[in-house]
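**Q** This is the structure I want to talk about, given as structure tokens.
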Amino acid sequence: MPRLDVNPNSKPNSSPLWLIPVLLGFLTGQTHAKDVLSVPEQVSLSANKYTQQLTISWRGGAATTFDIVILRTEFSETAFSETVSVAVDQASGLHQWNWTSVEPLECTSLSIKIRSRDKHMTSEWSNTQILQGNDLPSNGKMQMYPRDGIVLPVGANTTFCCIAEEGRVFDIIRYSDMVMNATQLSRRTFATTVINQSPSGTSGTNVICTDSLNELIGSVVFVGYPPLPVDLACETHDLTSAVCQWNEGRNTYLYGKRRTHYTLNKRDCALGSSNQKQRQCSLPQWEGNWTLVAVNPLGQYSLTDSAELSHRVRPVAPANLTSVAHAWNATVQWQWKYESYSSLALLCHIELTSHGSKRNYTVSGVGLQSVKVLDLHPDEDYSVRIRCGAQKNFWKWGNWSDPFAFKTKRYMPDAPDVWMWLNRDNTANILWKPLTRWQSHGQLTGYEVTFWSNEDVIQRKKIFSPDTTSAPVNLTQMAAYSRDSKVIATVNAKNADGLSQPAKVVLPRLWTDVEPLAVSRAVYMDSGFFLLWQNNVDVTCGYIVEWNNASCDLNCHVEWLKVAKGYVNVSVESAEFQPGVRYNLSLYSCSSEPPVLLQRWQGYTQELVPSTSVGLSISQQGSDILLTWEEIPLLDRRGFIKGYNIYNSTGSELTLIANLPEQGSQSYTVKGLVEGSHKFTVKAYNSVGEDTGATVSITLHKYTDWLIMEILISLGVMALFLVIVTFVCYKKREWVKKAFYPDIPEPKLPGDWSRTRGPLDVKPSSHSVIHIVEKPEWDSSKEALVVIPEEDEEEEGMGEEPVDTDEPTSLRYYNQVVDDRPIRPRFPDSSASSASSLDSGRTEVTYTGIQTSGSSLVFQLDPQNSSEGHPPHTDLAFSCGGGGYKPQMQPKVPREALPEPFLEPPAATTGGYKPQNSWHLDSPVETRESGGLAPSLGSPTSVASTQFLLPDDEEHTEDKRQSSSSAATWFTNLLSSTKP
């Protein structure tokens, strides 16, 4: 500061006046200089490229706040820009600040500048300091940072950069197998950041950079954890030294030179294989306190432990085991590595193994060196191992000894478990269970089966091979040897040391089919079929529970279980149980007599749906349909059938018609169906579900059975009626004959009619008068020719007449009026003769006086009938004296055409017979031409006609003289055939 010097001896003048402004200006300049902050000077940079940390130091006066800016030099991009507080170092007077870069410091050049700050006032920027990167043109090779060997913690975020070779183009950066997104930091430098890194493998993780020419460069990073050991514990084996053990805990994923190193009480521990999690380190003397330190590149961790020697004793494994074996026990001996164990109270654990089965024993004693193992099996292989611990202040079991094997000696086999199976054909099987390895006591050589009874003197023995488990028995043959009611069978097993004790079973001599009153259902649970029964006082040696497949009847595979006396329940389980198979479980009593069946159950381990369907059939019953089916075979039911479902399957879906319970349901009638096709399905079901179902179809027709039945019944009744009528008529044939068909006296004709006669000569006698009138029209005034036959010899109610002679018969004919029915001549000869007469042109012949000397007939007409106005009478009455027969001819002659003398009154008609016949025209043409009158004679009817003859007291009306039906003819023939 300039000093102002004032001299008091000087002369007064005007100079002090101009000094005042100068002084004021100087003071103002001094105040402004105090307000301006000092610029940071002497800025220096120090880089730790392993940790990627940059240390910046400078001189900045008394300021404590600074603005720091870090730029990537080539692109002038801001890498960091913040205001920081940095205190001055009083010793050196320097300010120092550390910055950790995200990217490796080698990736690109960085420019750093600093200025002081006091609130809103700042100084000028310091000179820019540049930290040179490796991407300078002078270093033109390809580079990758961070370099190999870097160790990173799990979960860290790491930036990798790649510097392309000068003149090359960058391509990609790959982290392990993943292509990363890259950011350009400078002309040649590209960077990528991997976040939340996972642990690497034993060889680390590769980071590779390639350029456009597939040139590559890379580095390897190791990602892991810091050490974290656990469970440090120290113990003694020889009662002097200490052995400390611990667990590595979490895996560090760092191997080789990067693995964890341990020190125990500041002594390096030589470790074994790094693959083991359990570590240990030995010290020659027991110290009581121990400190373990674990260190790796990511950090370190410490553990401590302390204990007294007597509380941490852990014996070593027994050595040199030997044995002395017998049939049922063995003694095992061993030795100790340290003599100090002879005074140590020990607790030993023995593990005995035989064919996978293990047994454990515990023994104790001072200086223990042997143990006796009991309850062994003869001829059995065993393996034993032993470990021991301190009996007092027990710490841990020692290590196991090496396994030691030995074998026991042979012995007689145990008695086999014996049962029986009876067949319905009176045969049986003696059954026994094969002996196990522990029951045979050695290799079996066979089985000896003996049959005997209390009355037998000689026992029958049979030898069977070792692999046999049954012996057949014929009880019928056994009955021939003894009268005893039972047969006793014993079975002995045999090996090299002898026979076993006999196992006995009692068989009945004859099989009896005794079934229990009811069969219960057994329920299968997790532990098997649980069976419960009531105690039986007659049981002396317990019960036998037997089970087998219910579908088997002969020589079945049987399993059984014997239950001691006093027990009333058991759980039955078998490895051979199968789902869907029904089993019979039977309970028998055990006594000195043959076993008695007490109770029976049936059950399934698991029910399945039936494997087959019912056998279904269908039939129509009227307008209903009957469905019938057969039961599913027991083998295919696979469950208890609960019932049947009947479906109508005519459509596309099944429609349930009915649900029937199982008891007695083997048919069902479907009613109310319409005509047409119908389809039905029947399914059996159990607790699991339905079977596949059996389907049948039928076409329902209109029911005609009742109509057919009515017709058949009617025909049957009619046939029965006819049979009855025929039978009655046959029994009463004499009465029927008299009532309906009395005997007709045979006419006696003159001459010998037994001889064959020639043609009838109809030449008129000399005294006959024949008028031949050739006139086509009918003259009703012509006389009718009347036939007067000879009288019979005998007539009922008349006197005897003279016998006919051979004299010519006197005949009279008249033209008769014949009915319109066609002529059906019965006798060809007579018809032919008449036809020849009728076919003679249109000539009308009238016979007026053909007579014989034997008799004469008088024709009389009934004048009363004609006079009373009655219609013309078609019958012609013949006056035959007291009797005779008259043909039943109905000549339709008008009464007015006949002269009165020829009409005979009805009162003059006498008894007799008239054949039921009429004369017919031979030609319908002639009838039309003659105007309805008969032009000629008809054909006469023989006396031997089979037509009914009417009694002469019958009224001669038109309705009474119709010809008989064919049924009457049949009836007549029947009566004629029964004539005696």
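**Q** Quick query: amide H of LEU368 versus all other amide H atoms, modeled in the peptide plane; which residues come in under 5 Å with a sequence gap of 5 or more or a different chain?
**A** It is LEU346, by chain and number.
**Q** So, R0 is 51 Å and r is the distance between the beta-carbons of SER76 and LEU228; what FRET efficiency does that work out to, to 0.05?
**A** Step by step, r from the Cβ atoms, then E = 0.65.
**Q** Further question: Skipping prolines and chain starts, which residues have an amide H placed within reach, meaning under 5 Å, of the one on GLN602, given they are 5 or more residues away or on another chain?
**A** SER520, ARG521, ALA522, LEU585
**Q** OK, next. Once label points are set 7 Å from the Cα along Cα→Cβ at both GLN620 and ASN196, what is their separation, rounded to one decimal in nm?
**A** My value for the distance between the label points is 8.2 nm.
**Q** Also, I was wondering about something else. So for segment 647-736, taking the charge dipole from beta-carbon charges (+1 Lys/Arg, -1 Asp/Glu), which of THR692, VAL725, THR650 sits furthest toward the positive end?
**A** VAL725
**Q** How much length is gained on full extension from TYR741 to VAL506, taking 0.36 nm per residue of separation minus their Cα-Cα distance?
**A** Gain on extension, TYR741 to VAL506, equals 75.3 nm.
**Q** 5 Å is the cut-off here: which amide hydrogens, built 1.01 Å from N in the peptide plane, fall below it relative to VAL487, excluding neighbours closer than 5 in sequence?
**A** LEU507, ARG509
**Q** How many nm is it between the label spots at TRP328 and CYS541, if each spot is 7 Å from the Cα in line with the beta carbon?
**A** Roughly 2.3 nm, to one decimal.
**Q** Counting other Cβ atoms within 10 Å, keep those with at most 10, restrict to DSSP loop, and tell me which chymotrypsin sites (Phe, Trp or Tyr not before Pro) in segment 169-271 are left.
**A** Qualifying residues, ordered by number: none.
**Q** Per the 1.4 Å probe, what fraction of the accessible area of segment 143-224, in percent, lies on carbon and sulfur atoms?
**A** 48 percent
**Q** Read phi for every residue in segment 642-651 and hand back ³J(HN,Hα) as whole Hz from Karplus 6.51 cos²θ - 1.76 cosθ + 1.60, θ = phi - 60°, with x for Gly and Pro.
**A** These are the phi-based 3J(HN,Hα) values: 8, x, 10, 10, 9, 10, 8, 10, 5, x Hz.
**Q** Report, in listed order, any pair from LYS277/LYS392; LYS49/LYS266; LYS462/LYS504; LYS372/LYS494; LYS462/LYS565 with a Cα-Cα distance greater than 24 Å.
**A** Pairs exceeding 24 Å: LYS277/LYS392; LYS49/LYS266; LYS372/LYS494; LYS462/LYS565.
**Q** For labels at THR128 and LYS358 in the simple 7 Å Cα→Cβ model, what's the distance in nm?
**A** Rounded to a tenth, the inter-label distance reads 7.8 nm.
**Q** How much solvent-accessible surface does ASP743 expose, in Å² to the nearest 10, with a 1.4 Å probe and all protein chains in place?
**A** That residue has around 100 Å² of solvent-accessible surface.
**Q** Can you work out ³J(HN,Hα) from phi for every residue in segment 564-574, in order, using Karplus 6.51 cos²θ - 1.76 cosθ + 1.60 and θ = phi - 60°, giving whole Hz and x for Gly and Pro?
**A** Running phi through 6.51 cos²θ - 1.76 cosθ + 1.60 with θ = phi - 60° gives 5, 4, x, 8, 10, 7, 7, 10, 9, 9, 8 Hz.
**Q** Taking only protein heavy atoms and a 1.4 Å probe, what accessible area per residue, in Å², does segment 394-473 have with all protein chains in place?
**A** 55 Å²
**Q** Computed FRET efficiency, Cβ-Cβ of HIS261 and VAL688, R0 51 Å: what is it to the nearest 0.05?
**A** 0.15
**Q** Check segment 619-747 and count each lysine pair with an alpha-carbon distance under 19 angstrom, considering only pairs eight or more places apart or from different chains.
**A** Pairs that pass both the separation and distance tests number 4.
**Q** Let me ask something else about it. So if R0 is 60 Å, what FRET efficiency would ASN454 and SER203 give, r being the distance between their Cβ atoms, rounded to the nearest 0.05?
**A** Computed FRET efficiency for ASN454 and SER203 comes out at 0.10.
**Q** Here's something else I'd like to know. Need the full-extension length gain, GLN278 to MET121, defined as separation in residues times 0.36 nm minus the C-alpha distance. One decimal, nm.
**A** 50.1 nm
**Q** Positive end of the dipole of segment 230-311, charges at C-beta (+1 Lys, Arg; -1 Asp, Glu), about the Cα centre: which of CYS281, HIS237, LEU309 has its Cα farthest in that direction?
**A** So the residue we want is CYS281.
**Q** Which ³J(HN,Hα) values in Hz, rounded to whole numbers, follow from the phi angles of segment 183-200 under the Karplus curve 6.51 cos²θ - 1.76 cosθ + 1.60, where θ = phi - 60° and Gly and Pro get x?
**A** So the J values, rounded to whole Hz, are 10, 7, 9, 8, 4, 10, 9, 10, 10, 9, 10, 9, 9, 6, 5, 8, x, 8.
**Q** What is the dipole size for segment 230-311, taken about its Cα centre, with +1 at each Lys and Arg Cβ and -1 at each Asp and Glu Cβ, in debye to the nearest 20?
**A** 600 debye
**Q** I've got another one for you. How far, in nm, would the chain grow between SER520 and GLU165 when pulled straight, counting 0.36 nm per residue and subtracting the alpha carbon separation?
**A** Residue separation times 0.36 nm, minus the Cα-Cα distance, leaves 118.3 nm.
The values are calculated or read from the model by the stated rules, or taken from the named source; none is laboratory data. Because the structure is a prediction, the values reported are computed rather than measured. Neighbour counts run over all protein chains shown; Cβ positions are idealised from the backbone, glycine included. For the accessible areas, the whole protein counts, side chains as well, though only heavy atoms, and no ligand, DNA or RNA atoms are used. Shrake-Rupley method; radii C 1.70, N 1.55, O 1.52, S 1.80 Å.
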